[in-house]
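Got a structure for you, written out below as structure tokens; questions coming shortly.
The values are calculated or read from the model by the stated rules, or taken from the named source; none is laboratory data. Please read these numbers as outputs of a predicted model, since none were measured by experiment. Reconstructed Cβ throughout: ideal geometry from the backbone, glycine too, with neighbour counts over all protein chains shown.
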Amino acid sequence: MAGENSGQADQPVPENYEDLLDDYSHFAPPAADEVLQGTVLSITGKDVIIDFGYKSEGIAPIEEFQGPNGEVNLRPGDAVDVMIEHGGHAEGYVLLSHTRAARLRIWDNLDKAYQEELIISGRVQGRVKGGLAVDVGIRAFMPGSQADPRPTHNIDALIGQDIPVKIIKLNRRRGNVVVSRKMAIEDDTKTRKTVTLEHLEEGAVVTGVVKNLTEYGAFIDLGGIDGLLHVTDMSYGRIAHPSELLHVGQELSVKILKFERSKERVSLGVKQLEPDPWESVVERYSVDSRVIGRVVNVTDYGAFVELEAGVEGLIHISEMTWSRRMKHPSKVVRPGDRVEAVVLEVHPKERRISLGLKQLEPNPWSTIDSRYSVGSVVEGRVRNMTDFGAFVEIEEGIDGLVHVSDLSWTKRIKHPSEALKKGQIVQAVILNIDSASHRLSLGIKQLQPDAWESYFQQHQVGDVVHGRVCRLAGFGAFVELAEGVEGLCHFSETPGYSGKRAPETPPLTVGQELDFKIIKMSEAEKKIGLSLKAAAHDAEKDRLEDYQRQAHAATSTIEEVMSLKDRSPE
């Protein structure tokens, strides 16, 4: 008894009952449909020898371990899941099934994923009625409406891809599994969004992926939340469309410019990661320096020239040529042209640089005083006409103005088009030169003598002149004395004037040709006063004097005849 007890005392005593069960569990036969984990002992041409415990070895067909292309990615020592094929032995080995074990394990995993709402991976196999077939270990069905969070018309694009899915329906007995990529993406987006929102702050630099491009910018996925990268914040240079710099799926670093947490609205920038070129623009582009750039835009008022990425200068239309006749900048430059220009002004705060093209050539106005003089006659082409005069180009870049009052001595011209035509070659006299203001005054009437001046030289007060009434006014009649010369005969200087301011019946009519006496002359004011009454009085006086002379002559003749008669003999 003592010996027996002594013998038992030599045996190791398990610490607890669970250890005792574990120690002897391999003697108990496996339960039905129990998945066992075995170890690969060897691989033959047809079978795989597996140690699955229970003091025995099993054998499984090698076909159950072959991949889609027939390859067997298995080596001795690998762990594999198997199940016993009850009632079967082969050459002393227990028949095992890896396929049944794998399928059972898959269902267990799927059931766990379904119960715990886990996201699993599946490969899209192909198109089926109403959706897609997805391999999640077994063949599952994904409805077309569950393919993407956004409506899509091309679910075939997912075929052959590995996608995340959630199980939304599972029937193990019938072997049916329904999955959703839409729910998996939404859950993943929600999770990433929560994490992202916790770390977002203005001024931070983060990494995102280009999700979508529009005309005005790009939407960047920051991790469950989208930020807008406006086209103006992509580069300091000129960009017509975001696709010039970005493409969908591209990963890039961005700076958070503004973050409205309540609205979950994020504004992003890329150019802000680099120094602003305008901050040091004065150091690189000094006034009067020459620069070379590319014309990027042409407008009605000038052309924009890109000097470097993010820095553009404007060549105003007035700074393109010394000539004033240019109608549009496109006559000088076109988009894409490389041009040389002179820096005129630099304003970093306004982000503005003024450039000039004409400054590359000598200014013709700087030497005009030495090449022309007041009073000299020049020839040019009429380039433009306005209400107040006509501009005549006498050389490239030099235009002179002929004022409407300097077109004719004699004609009353209201618009230069009455005397000139655009493009006409004319001669003119230089009246004034203002080189500082780039102004040149010309006259055409000065090519001919002044009709008034000539008239005043040939006539004086008291002369009786012949004229034609050309128009009437309330106080008198204007009389044309010579071409371009008029005099005024007040109604008070007409015979029979009653003293009324405006007679009911004017004593003169337009077209009458009469003699008038000059009673007043003012060369400075170009005024001539006429009197019809005085001319008539002088005419009457002349007739009376003529009559008296004739009568005196007749009397003298009679007296002479009588004297001769008295002296003759009877």
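A quick yes/no check of all residues on (1) in the same structural domain as GLY130 (by TED's automatic domain parsing); (2) under 29 Å from ARG352 (Cα atoms); (3) not β-branched (Val, Ile, Thr):
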position: VAL179; (1), (2), (3): yes, no, no
position: LYS182; (1), (2), (3): yes, no, yes
position: GLY224; (1), (2), (3): no, no, yes
position: VAL231; (1), (2), (3): no, yes, no
position: TYR236; (1), (2), (3): no, yes, yes
position: GLU244; (1), (2), (3): no, yes, yes
position: ARG265; (1), (2), (3): no, no, yes
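Oh, and also: If we keep just the residues of the range 97-126 that are among the β-branched types (Val, Ile, Thr) and crowded, with 18+ Cβ neighbours inside 10 Å, which is nearest to the chain's Cα centre (by Cα)?
Let us first name the residues in the range 97-126 that are among the β-branched types (Val, Ile, Thr), namely 99, 106, 119-120, 124.
Still in the list and also crowded, with 18+ Cβ neighbours inside 10 Å: 120, 124.
Working: ILE120: 49, VAL124: 46 Å.
It comes out as VAL124.
I need the full set of residues from the range 465-496 which are among the hydrophobic types (A, V, I, L, M, F, W, C) and surrounded by 16 or more Cβ atoms within 10 Å (Cβ to Cβ), in order please. Show your work before the answer.
Step one: of the range 465-496, the residues among the hydrophobic types (A, V, I, L, M, F, W, C) are 465, 469-470, 472-473, 475, 477-479, 481-482, 485, 488-489, 491.
Residues satisfying the conditions are VAL465, VAL469, ALA477, PHE478, VAL479, LEU481, ALA482, VAL485, LEU488, CYS489, PHE491.
A follow-up question, please. Output yes when any residue across the range 212-223 is exposed (fewer than 14 other Cβ atoms within 10 Å of the Cβ), of a type outside the set (Val, Ile, Thr) and closer than 26 Å to LYS182 by Cα, and no when none is.
Filtering the range 212-223 down to residues exposed (fewer than 14 other Cβ atoms within 10 Å of the Cβ) leaves 212, 214-216.
With the extra rule that they be of a type outside the set (Val, Ile, Thr), the set shrinks to 212, 215-216.
Next, from what is left, pick out any that are closer than 26 Å to LYS182 by Cα: 212.
Yes, the conditions are met somewhere in the range 212-223.
The rows are residues; the columns are (1) of a type in the set (A, V, I, L, M, F, W, C); (2) on the phi > 0 side of the Ramachandran plot; (3) in the same structural domain as VAL339 (by TED's automatic domain parsing); (4) without any contact (Cβ under 8 Å) to a residue 12 or more places away in the chain.
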{"site": "GLU283", "(1), (2), (3), (4)": "no, no, yes, yes"}
{"site": "SER289", "(1), (2), (3), (4)": "no, no, yes, no"}
{"site": "VAL295", "(1), (2), (3), (4)": "yes, no, yes, no"}
{"site": "ASP300", "(1), (2), (3), (4)": "no, no, yes, no"}
{"site": "ALA303", "(1), (2), (3), (4)": "yes, no, yes, no"}
{"site": "LEU307", "(1), (2), (3), (4)": "yes, no, yes, no"}
{"site": "GLY310", "(1), (2), (3), (4)": "no, yes, yes, no"}
{"site": "HIS316", "(1), (2), (3), (4)": "no, no, yes, no"}
{"site": "MET320", "(1), (2), (3), (4)": "yes, no, yes, no"}
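Any idea which of VAL339, VAL404 is touching a residue at least 12 places away in the same chain (Cβ under 8 Å) and either farther than 29 Å from GLN448 by Cα or under 38 Å from the mean Cα position of the chain (by Cα) (or both)?
Every option except VAL339 fails the conditions.
May I ask you to verify whether ALA451 is at pLDDT 90 or above and surrounded by 12 or more Cβ atoms within 10 Å (Cβ to Cβ)?
On the way: at pLDDT 90 or above: no; surrounded by 12 or more Cβ atoms within 10 Å (Cβ to Cβ): yes.
When the stated conditions are applied, ALA451 does not pass them.
So, one more: Among the residues of the range 397-428 satisfying the criterion of being charged (D, E, K, R) and crowded, with 16+ Cβ neighbours inside 10 Å, which is farthest from LEU442 (Cα to Cα)?
The qualifying residue farthest from LEU442 (Cα to Cα) is ASP399.
Which ones in the range 374-401 are under 26 Å from TRP452 (Cα atoms) and part of a loop (DSSP other than H, G, I, E, B)?
VAL374, GLY375, SER376, ASP387, PHE388
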